[in-house]
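Readers should treat all values here as calculations from the given coordinates under stated rules, not as data from a laboratory. In this text, all values refer to a predicted model and were calculated from it rather than measured experimentally. Cβ atoms come from the backbone with ideal geometry, glycine included; neighbour counts cover every protein chain shown.
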Amino acid sequence: MVKNGFTGCIPSCLGNISSLQILDLSNNQFSTVKLEQLTTIWFLKLSNNNLGGQISTSVFNSSSLAYLYLSGNNFWGQISDFPLYRLKKWRVLNLSNNKFSGMLPRWFANSTLLVAVDLSKNHFNGMIPKDFCKLDQLLYLDLSENNLSGHIPYCFSPPYLIHVHLSKNRLSAPLTHGFYNSSSLVTMDLRDNSFIGSIPNWIGNLSSLSVLLMRANHFDGELPVQLCLLEQLSLLDVSQNQLSGPLPSCLGNLTLKESSQKTLANIRYGFPLWSIEKAYYETMGPPLVDSVYNLVKDFWVNFTEEVIEFTTKNMYYGYKGKVLSYMSGIDLSNNNFVGAIPPEFGNLSTILSLNLSHNNLTGSIPATFSNLKHIESLDVSYNNLNGVIPPQLTGITTLEVFSVAHNNLSGRTPERKYQFGTFDESSYEGNHFLFGPPLRNNCSEETVSSQPVPNDEQGDDGFIDMEFFYISFGVCYTVVVMTIAAVLYINPYWRRRWLYFIEDCIDTCYYFVVASFRKFSNFRR
């Protein structure tokens, strides 16, 4: 009876129906429930109502209840100290988006069949108990948006774990051996914590990993090349860390495959249900006795739908469903990466978002970026890139956001056609040697090349064309000498006067040299 407008109290008498195993009243407006009177039910889902209060111990001691969904309500209190004894048959526990507090419960370790735990968006604090290491069957774990601190237990590495969300806590210490043997991991979300140290090399052994989110931590060192071994990887976010060194060129070999596995927690259970609607329509045709065996259909229960947060197009989006299965992107922004952008990044032909901004990258923008035929957001702003913007980029017709702002780029901006006709000045600002629309300056290639430079930077190149100067001086010197020779040859009087002048100059020089020598001799005496 989901998604109706039911209000008031959930009838306690529902717990007296011995044959009732599955009860789903989620997405209504119920405000009151006595959970201890519904413990005869096997599958109980009351998510997204207005329920509240403390949970009775008897709920978890129920001999029947194995699937409990209470997310999106106003329940409060602590559940860490419950004296529980009948937990071995528990399968799913979802208490997310409530007001629970205190330490995480250690009694989970007694639930040997527990496959899914969601305690996100509460007020739990303290460390993750080592008792969690005993949850060998765990497939899904979400402890995000709490106040958890400390480190991940070294022994915590469930072999069948598919999705883990620990974001928006205060977890710290290096990521050493946690998840080391979790080779089935599809999603690892460690965003917005305080992890330190380098990204471990063993992460390359997680062969099923499709989503790796590590933004806003304190990871340092180089980006491990072992990431290139993750053939299923399609979303990588290590932004806002302290990573350094060159960008691994082998990242260009990632195939960024489409995957539906990252969209759902792969926890599906089928229960046989009698379909009254199906029985009604089928009895309008063949006799009821012939269709009675077709009345049973499977009721599939998906634990949750994955929602992955990723920054693209200068916005923070939550991706889920089919959109998530298609989504691919790499965010390496806000680190200390150096060196050139590997041209191999142009091989990421299916990528939708690439962000390399706010680093110390040098060199030019690779022309191979023109091969990114599906990219929607490309950001290389706030680096030290130089050279021209490759004109081939105008062939990318899928771009919605493009930024090369605040670099040292020069030359003309790309031709304003296709998607490049939609980008404004903010996409190019902060590059003092760029010109052309949509920038407001009116420079051209000719005026830029003839711009005077400061005197201390002129050297041999200033306002005078030196080659023209040398040619002109040589011609003028030759003309003057030839003119003087011609005059002296033609006019005997001027020839005699020239000879007398030369003799007087020689006598004067001789007298000056002799007088200087005598003074120098007297000085030495």
Practice item. Among the listed pairs K262/K313; K313/K373; K130/K322, give every one whose C-alpha distance is greater than 26 Å. Key: K130/K322
Study note, to complete from the structure: In nm, the gap between the two label points placed 7 Å beyond Cα toward Cβ at K3 and N408 is 5.8
**Study point:** For region 2-73: Kirkwood Rh in Å [reciprocal of mean 1/r, alpha carbons]
**Key:** 12.1
Review point. Quick one: if the Förster radius is 25 Å, what FRET efficiency do W202 and K130 give, using the C-beta to C-beta distance and rounding to 0.05?
Key: 0.80
Review point. Fully extended, how many nm does the chain gain between A486 and I471 (0.36 nm per residue separation, minus their Cα-Cα distance)?
Key: 3.1 nm
Check your understanding: Once the Cβ-Cβ distance between L113 and K373 is put in as r, and R0 is 51 Å, what FRET efficiency do you end up with, to the nearest 0.05?
Key -> 0.60
**Study point:** Label-to-label distance, nm, for residues given as S149 and S183 (7 Å Cα→Cβ offset)
**Key:** 3.8
Practice item. Pop a pseudo-label 7 angstrom from the Cα along the beta-carbon direction at both Q29 and S80 and give the gap in nm to one decimal. Key: 3.7
Revision key, fill the gap. Among chymotrypsin sites (Phe, Trp or Tyr not before Pro) in region 64-169, those in a DSSP loop whose Cβ has at most 16 other Cβ atoms within 10 Å are Y85, Y154, Y160
**Study point:** Positive minus negative residues near L393 (Lys, Arg vs Asp, Glu; Cβ under 12 Å)
**Key:** +1
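Could you list, in their original order, any pairs among K134/K257; K34/K320; K121/K320 whose Cα atoms are separated by more than 26 Å?
Long pairs (Cα-Cα over 26 Å): K134/K257; K34/K320.
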